[in-house]
Amino acid sequence: MKKVLALLSAAVLIFSVAGCKDKQPDTNTTEPAEDTTQEPVSQQHSEEESTAATAPPPSSTAVVVVTGGKEYGIEQPDVTSVIELVPTIAPPKTRATAPSRPTTTAKPTTTKQVTTTAKPVVIPKPEGEPDLVYPEKLYVTENGATDSVSILSSSCEYSEESGTFRITVTFDITEYSGTRQGMYVEYNCYDKSGKKLNEKQLLCYVPLSGADKTVFGYVSAIGNTAKIEFTNYNSK
């Protein structure tokens, strides 16, 4: 009987303890809520980059074992040492800066304007009309045929613009062979001192015709011509 009571009392105690456990909260098993707040991706990357930039270079370790021996008759134990090996980083090379060149200021270029004054052409005014000098007849003979003319008269005009004389000469055909349509008469110009003014040979063309006995030729001379002399034309 005593054993039965003891068993019953033990069962009651077990159920009472189990009930107390169900009512009390389990404070030891609760875990704090996870922080769901995440940092921005860019901030994480920047922090990782800054950490990687400032982090020291990785190191390695080496184990050194020193074997013991006897020193002064005393047995020495083996000693194990751990040495940390840190790699050395060479400092960045600095580039030598080129010496600065002195700045030169370009001198302004000045253009000189040269003014040239053209000298006016001075045309001498004639003191009078030039005199005409000529032989009695002017002729040309070629291949056995001869044509001749004589000067009857002349008229002179002076051009102030060009400073030259224009002389119209009237010729009389004294002999006409009928083999040519015209002939040339040579002339030269001289100033009042007798100096010859023309360097090249000057020619006056005289047209020939059997029907017309009187024909005209034209001569030009510069303003200071005092004398015009006619001669036979030499074609050679």
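Give, as a single signed number, the net charge of other residues whose beta carbon lies under 13 Å from the beta carbon of SER193, with Lys and Arg counted +1 and Asp and Glu -1. It would help to have the intermediate numbers written out before the result.
Details: positive: LYS192, LYS195, LYS196, LYS227; negative: GLU127, ASP191.
Local net charge: +2.
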Can you pick out the pairs among LYS200/LYS227; LYS137/LYS200; LYS137/LYS195; LYS137/LYS192 whose Cα atoms lie more than 18 Å from each other?
LYS137/LYS200; LYS137/LYS195; LYS137/LYS192
For GLN181, project a label point 7 Å along Cα to C-beta. Then give me every residue of the range 193-217 with its amide nitrogen under 15 Å of that point.
205-211
Once you list every other residue whose beta carbon is under 13 Å from the beta carbon of ILE151, what net charge do they have if Lys and Arg are +1 and Asp and Glu are -1?
-3
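Quick one: if the Förster radius is 22 Å, what FRET efficiency do LYS195 and GLU157 give, using the C-beta to C-beta distance and rounding to 0.05?
On the way: r = 24 Å, r/R0 = 1.09.
The computed FRET efficiency comes out at 0.40.
Calculate the dipole size of the range 128-202 relative to its Cα centre from +1 charges on Lys and Arg beta carbons and -1 charges on Asp and Glu beta carbons; express the result in debye to the nearest 20. Could the numbers behind the result be given before it?
Working: 7 positive and 13 negative charges, 43 e Å.
Here the size comes out at about 200 debye.
Any read-out appearing in this document is the output of simple, stated calculations on the displayed coordinates, not a laboratory observation. Everything quoted here is computed from the prediction, not taken from an experiment. Cβ: placed from backbone, ideal geometry, glycine included. Neighbour counts: every protein chain shown.
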